[in-house]
Every structure is written in structure tokens, then in C-alpha cells.
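Sharing a structure with you now.
The values are calculated or read from the model by the stated rules, or taken from the named source; none is laboratory data. What you see is a predicted model; the values in this text were computed from it and never measured. As a convention, Cβ positions derive from the backbone with ideal geometry for all residues, glycine included, and neighbour counts pool all protein chains shown. For the accessible areas, the whole protein counts, side chains as well, though only heavy atoms, and no ligand, DNA or RNA atoms are used. Shrake-Rupley method; radii C 1.70, N 1.55, O 1.52, S 1.80 Å.
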Amino acid sequence: MEEKQDFVWPDYTTESNLYSVSCGLAEFFGVKRQCIGKSFEITGRRLVLIYLDALSWDLFVESGVKVSGSVTRATTVFPSTTAAALSTLMTAQSPGEHGLVGYTVFNKRLGGVINGIKYSYMAESGSGTIDYMPLQRAFPVKPWLAESSAKVLALMSSGAASGELTRTYLNTRPQEGLTKIKSHSNSFEMVASLREALEGEPYDLIYVYYDNPDHIGHGYGFRSQHRDLILEELRLTLTHLDELAQKYKDRYTFLLLSDHGQVTVNNVYVFNNDEELLKVLEVPPYGDSRAVWFRTRENIRDMLKSKYKLEVMSKQEVIESGILGRVDSFVADNILGDYLGVATDPASKYHYSYRDDDPALRLRGNHSGMTPEEMYIPLVIWQ
């Protein structure tokens, strides 16, 4: 893939990338990883890690909140999507190492395409239906928290708290009772829970996950008339968090980041009716709405570029480009497709539906591509 001028490529060797932050987190809790570059430096004894889903750099700047911490414009991983970014954050592995390279992922060990966040087969409804093989056995993920005896409080929505990613990254611990999870339904309850925790007995890690910006963006789009509502909530949330960081920075180091931004789409390519493409694929297209994987024995590069206006890379080109960071051999052989297509138009998305009433077709905000809006995220540390 040519380095398009408006594409932002992740550099896993710099300190201003989500991957380097994850390596710094592992080091903070005494877990060794052979990371690609220099780890982001985190000092102190205890940590509050604040993860605001879909808080892009442009939204952060537009909010106008002048936080007292040190602010960096960082890049997320590729693909710029929650399954890949969260997995990197909690494992100190690049997407090419942990293998969760999209919202939907083919895994030969599981024999099909799964939802990487719900951990269920795409043809099934519900979450966590793959109960015969835990995610940690199906994918080569290595959660750094599982190698630590840190006492953890996780503040997150009930939906996130019950998911397979939370179970794998927070609750797979050698000792029971090391992680306590408290759910919230809105940003005010989240801040109240955090304030209460900061006043109480200390934790080694307070992990705060808030996903409302992502939900609003998916439903309405960040470029819609609802942008002012998104910004209003962000201003309040960031202001409260900054005040808490200033007040309790003697007890905790505070670190705030995101996983990706979003773009608002108005053009949807649906693969279901493309018989020419589907007949040469081993499985349906998978990955994400703006970064799609194709498994096939045939050369479909020209077809994808002309019919779908995708920037196309072969598997070998993907590995050599470093766009996924270091690539594990299991991931290369059993998860990655033969071709990767990345959206060039910031207003287009790509989709394969497993059901006629697929709600994903109605999502206005999307991510996983390489535009600045999707790739740049804020990184704030109070220490």
C-alpha cells in the first residue's frame, strides 16, 4: 500500500503510540515484555487508568478543556478499532501478536468468523457463546495483569463488565478476589464512583472505562447536529477528571487515553450481493467497517481497487509494512486474510451482513481506517 498523504500510519517504536503505553503499563506493574521500541514512562506507586472510548484528538481539542496534565497527540494501533486497541492496551502486544484484528475475526482454531468483542459466532445471537474454548486459548493473548498480583478496581458499564474481553484481561488472575468490578450507567455515576474509590482504601490500579462517546458517535455520527451534545458531555467529564487528578495526584498517577476516533459515513458497500467476489472467498469478508480482510486463493487486488476503491495489501505486504506491529506466526497463518483492504474515502464503510435486519448497517459513525480523525488520540498523564 502506498503511503497516502492523508493516511496516518502507526509507529510502534515511538512513545506516542498506544502500544508503547501498554508496554509502559506492563513495566509499571512489574511484568516483562519484549516490546518493539521504547515504552511510555509511567512513574508512581498506584495508577488510575482512564479509557474514554472514541475520544479522538480532534474532539479532545474542540472540547476546549485545559487539563493540568501533560498532553500528547498520540496514535492508536491499526486497525483503529476497540477490539484491537483494547487488546493491545491490556496485553502489551501489537495487533499482529494478539490477533484481534477487527470487530469480526476469522480464527481457524475456532473454525469460523466470530465477533471479537462479544466472543460469539457471527451467525449466532448473544454474547459469550463460545464457551468450549476461552478467548485466551483461541488467541495468543498474554494479559499483563494476569502476571501481576495488583489489587484492581474496574469502573465500567454493565455491558462492558460482562464481556469476554473484560473476563480475559481483568479477571483471569492467579488469585481470586484481586479484581473488583463496579458498573455505572452514566458519566456522573462514573465520576462519583471514582471519587469514592480515591477517598477509600488504596488500589494498585483503578481502571475507568467509559464508552458513551462511542455509542453516540455510532448512532448519530460525530459530524451531525448532535456533535454539540457530545462535546458538552466531554467538557463536563474531562473537567471532573482533571479536578480529581489534581486533588489526588499525591496518591495516584493518572493516565487518560482513548482507542480511536470516528468518521461519519454516508456510503455503505454491502458485500452480500457480490457473487463474483463471494465465490472466490473461503469465508465471508471480515475485520471492520473500514479495514476488511479477504481469504482467497485468487488474486483479487484489481477487483477490490476498481469495484470498492480500497487501498489493497497482500498478507505479505501487511506483515512487511509493520502496520500491525510484530506479527505472530499463528496470527499470520490462522487469522489474517490473504488481502487487506483499507477505505480511502472517509465517508465510506464496508459490510457483510449475517442477518437481514443487521443493526450495524445503520451506524452513522465508524472507525478502523487510517484517517487522522480515526488514528489520532489524546494521551494525558498527571504524575
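Putting +1 on Lys and Arg Cβ atoms and -1 on Asp and Glu Cβ atoms, find which of S348, G261, V141 reaches farthest to the positive end of the dipole of the chain.
Highest projection toward the positive end goes to V141.
Here's a follow-up. Filter the cross-link list K305/K349; K108/K182; K142/K309; K108/K180; K315/K349; K182/K249 down to pairs whose alpha-carbon distance in this structure exceeds 26 Å.
Cα-Cα > 26 Å for K108/K182; K142/K309; K108/K180; rest within.
Step by step: find N for region 128-273, compute 2.2 N^0.38 Å, then divide the Cα radius of gyration by it. What's the final number?
Working: Rg = 18.0 Å, N = 146, 2.2 N^0.38 = 14.6 Å.
Normalised by 2.2 N^0.38 Å, the Cα Rg of region 128-273 equals 1.23.
Taking region 145-198 as the region of interest, what is the percent of Cα-Cα pairs per 5 angstrom bin, listed from the shortest bin to the one with the maximum distance?
Whole-percent P(r) values from 0 Å outward: 5, 20, 28, 21, 18, 8, 1.
To continue, here is another question. Along the Cα-to-Cβ line of V65, 7 Å from the Cα, sits a label point; which residues in region 366-383 have backbone N less than 14 Å from it?
378-382
Strictly greater than 19 Å: what percent of every Cα pair in region 224-383 meets that?
The proportion of pairs with Cα distances above 19 Å equals 64 percent.
Give me P(r) over region 296-383, computed from all C-alpha to C-alpha distances, binned every 10 Å, as integer percentages.
Percent of pairs per bin, in order: 13, 35, 37, 13, 3, 0.
Let me ask something additional. In a Debye calculation with equal point scatterers on the alpha-carbon sites of the chain and no solvent, what is log10 I(q)/I(0) at q = 0.06, 0.11, 0.12 Å⁻¹?
Each listed q maps to, in turn, -0.21, -0.73, -0.88.
Here is a follow-up. Which log10 I(q)/I(0) values, to two decimals, does region 6-86 give at q = 0.15, 0.19, 0.24 Å⁻¹ under the Debye formula with one point per Cα?
-0.61, -0.98, -1.40
List the extent of the Cα atoms of region 190-261 along each of their three principal axes, largest first, rounded to whole Å.
42, 19, 17
Let me ask you something else. Given an 8 Å cut-off on Cα distances and at least 6 residues of separation, report the relative contact order of the chain as a percent. Write down the numbers at each step before the final one.
On the way: 841 pairs, mean separation 107.1, N = 383.
28 percent.
Sticking with this one: Out of all DSSP beta bridges in the chain, what portion is antiparallel? Express it as a percent rounded to 5.
Working: 32 of 57 bridges.
In the chain, approximately 55 percent of DSSP beta bridges are antiparallel ones.
Over all pairs of distinct alpha carbons, what does the Kirkwood formula give as the hydrodynamic radius of region 255-332, in Å?
After inverting the mean inverse Cα-Cα distance, the result is 14.8 Å.
Let me ask you something else. Roughly how many debye, to the nearest 20, is the charge dipole of the chain about its Cα centre, given +1 on each Lys and Arg Cβ, -1 on each Asp and Glu Cβ, and no other charges?
Dipole size: approximately 640 debye.
Residue separation times 0.36 nm, minus the C-alpha to C-alpha distance between D274 and Q34: what's the value? Could the numbers behind the result be given before it?
On the way: separation 240, 0.36 × 240 = 86.40 nm, distance 4.32 nm.
Answer, rounded to one decimal: 82.1 nm.
I've got another one for you. For region 86-140, report the accessible area per residue in Å² (1.4 Å probe, heavy atoms, rounded to an integer).
34
When the Kirkwood radius is taken over all Cα pairs of region 58-121, what Stokes-Einstein diffusion coefficient follows at 4 °C and 1.567 mPa s, in µm²/s?
95
Further question: Between E124, E298, E201, which gets the highest mean-square fluctuation from a Gaussian network model of the chain, Cα cutoff 10 Å?
Among E124, E298, E201, the largest GNM mean-square fluctuation belongs to E201.
If you wrap region 209-319's Cα atoms in a convex hull and average its projection over all directions, what's the area in nm²?
Mean orientational projected area (region 209-319, Cα hull): 10.5 nm².
Rg and Dmax of region 1-148 over Cα atoms: what are they, in angstrom?
When restricted to the Cα atoms of region 1-148, Rg and Dmax are 16.8, 49 Å.
Where in region 319-376 are there trypsin sites (Lys or Arg not before Pro) that are in a DSSP coil and have at most 12 other Cβ atoms within 10 angstrom of their Cβ?
Here the sparse-neighbourhood loop sites are R355.
Measuring from label point to label point, each 7 Å out along Cα→Cβ, what is the S314 to H215 span in nm?
The modelled label-to-label distance comes out at 4.5 nm.
Projecting each Cα onto the charge dipole of region 1-74 (Lys/Arg +1, Asp/Glu -1 at the beta carbon, about the Cα centre), which of G64, G30, V8 comes out farthest on the positive side?
Among G64, G30, V8, the one farthest towards the positive end of the dipole of region 1-74 is G30.
Using only C-alpha positions, report the orientation-averaged shadow area of the convex hull of region 89-172, nm², one decimal.
5.7
With θ taken as phi - 60° and the coefficients 6.51, -1.76 and 1.60, list the Karplus ³J(HN,Hα) couplings across region 293-304 in order, rounded to whole Hz; mark glycine and proline as x.
9, 10, 9, 7, 8, 10, 7, 10, 4, 5, 4, 5
How large, in percent, is the carbon and sulfur part of the accessible surface of the chain at a probe radius of 1.4 Å?
The computed percentage sits at 45.
What percent of all Cα-Cα pairs in region 306-353 falls in each 10 Å bin, counting up from 0?
23, 47, 28, 2
Here's something else I'd like to know. Given a Förster distance of 35 angstrom, what is the FRET efficiency for K247 paired with D11, based on the Cβ-Cβ distance and rounded to 0.05?
Numbers: r = 35 Å, r/R0 = 1.00.
The pair K247/D11 has a calculated efficiency of 0.50.
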